[in-house]
Amino acid sequence: MCLEFAVARYPTPVRLRDGKICTVRLLESEDADRFYEFLKAVPEEERLFIKPRLTLRLIRRWCRQSKPDENLTLVMVHNDRIIGEATLHQRTGGWKRHIGKVTVLTHPHYRGIDVAKLLVKELLAIAPHCGLERLEAEFNGERQVAIRALFQLGFEELARIPGYLRDMRFRPHDYVLLGIHLVTDEEYAVAVG
Ligand SMILES: CC(C)(COP(=O)(O)OP(=O)(O)OC[C@H]1O[C@@H](n2cnc3c(N)ncnc32)[C@H](O)[C@@H]1OP(=O)(O)O)[C@@H](O)C(=O)NCCC(=O)NCCS
């Protein structure tokens with residue numbers, strides 16, 4: 001149902017704060033080179049949530065979106081260039097199966113013009129169709145821009161643990177967990193009567 005909803009919804013045009021018209025769509029197999037270029041343009045310390053080392057092989061696998069019920073990636077495209085991505089991560093079983101996790105990344109040349117907020121808004125629209133009740137996002141406490149952007153979309157701080165994380169040089173950083181309760185179709189129907 002999740003993928004069907006997304007396939008029916010995309011591609012869709014969006015207007016950025018500076019007037020640029022872009023397209024939001026699902027990441028596709030043919031995107032491998034484009035997506036690789038995009039990820040390489042983002043400083044390594046900013047994409048640390050992508051755990052394995054970046055290789056074209058890994059990117060090709062990612063672009064195939066072979067497990068959309070576990071990881072569903074949306075991209076924003078401007079002039080045939082990928083300028084942002086947002087991924088909805090789902091666990092198919094276990095205690096957190098009703099909680100999706102969001103990650104988002106914007107190309108350094110396209111920041112501050114709503115790319116991340118528009119992409120996360122799209123994930124907020126898709127998530128209830130994936131059987132999810134909540135979304136969460138994890139950060140190190142220094143990611144103020146990302147934390148503020150998600151606050152603006154309705155996320156709230158669920159937990160902050162000082163010094164819980166360690167960077168490459170083993171320096172401590174705060175762990176921050178944000179979350180949002182999703183309005184399901186049933187709740188929406190009750191709310192509007
Ligand atoms: C966090 C990130 C995704 C934000 O992307 P973005 O497309 O620039 O964000 P948006 O333009 O949608 O909105 C973010 C808000 O922060 C502001 N902002 C963006 N870059 C900023 C900067 N360098 N300094 C201050 N404010 C900034 C925007 O103006 C906007 O606020 P506003 O609506 O009050 O003006 C991007 O900086 C990034 O990719 N960072 C590295 C990865 C990361 O931290 N991801 C989140 C963890 S999953």
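The values are calculated or read from the model by the stated rules, or taken from the named source; none is laboratory data. Please read all numbers here as calculations on a predicted model, not as lab measurements. Note: ideal-geometry Cβ built from the backbone for every residue, glycine included; neighbour counts use all protein chains shown.
Of note:
- Within segment 26-44, one or more residues are of a type in the set (A, V, I, L, M, F, W, C) and over 28 Å from C130 (Cα atoms).
- Qualifying residue in segment 55-62 (condition: polar (S, T, N, Q), modelled with pLDDT of 95 or more and surrounded by fewer than 20 Cβ atoms within 10 Å (Cβ to Cβ)): no
- Among the helices (runs of 4 or more DSSP H) confined to segment 89-193, the ones with at least 2 residues that are within 25 Å of K20 (Cβ to Cβ) are located at 115-126, 144-152.
- Some residue of segment 28-48 being part of a helix (DSSP H, G or I), touching a strand residue (DSSP E or B) at 6+ places or on another chain (Cβ under 7 Å) and under 17 Å from H89 (Cα atoms): yes
- Enumeration of residues in segment 129-142 that are within 16 Å of D174 (Cα to Cα), crowded, with 18+ Cβ neighbours inside 10 Å and at pLDDT below 95: F139, N140
- Those residues of segment 5-27 which are assigned to a helix (DSSP H, G or I) and in contact (Cβ under 8 Å) with a residue 60 or more places away in the chain, in sequence order: F5, A6, R9
- Any hit, segment 160-170, residues being under 21 Å from L39 (Cα atoms), crowded, with 20+ Cβ neighbours inside 10 Å and within 14 Å of the ligand (Cβ to nearest atom): no
- Being touching a strand residue (DSSP E or B) at 6+ places or on another chain (Cβ under 8 Å) and either crowded, with 18+ Cβ neighbours inside 10 Å or closer than 30 Å to D167 by Cα (or both) is a property that holds for I83.
- Scanning segment 67-120 for residues that are of a type in the set (G, A, S), more than 13 Å from the chain's Cα centre (by Cα) and more than 9 Å from the ligand (Cβ to nearest atom) yields G93, G94.
- Complete set of residues in segment 121-159 that are of a type in the set (D, E), away from the ligand (no atom under 15 Å from the Cβ) and either under 25 Å from I83 (Cα atoms) or in contact (Cβ under 8 Å) with a residue 40 or more places away in the chain (or both): E133
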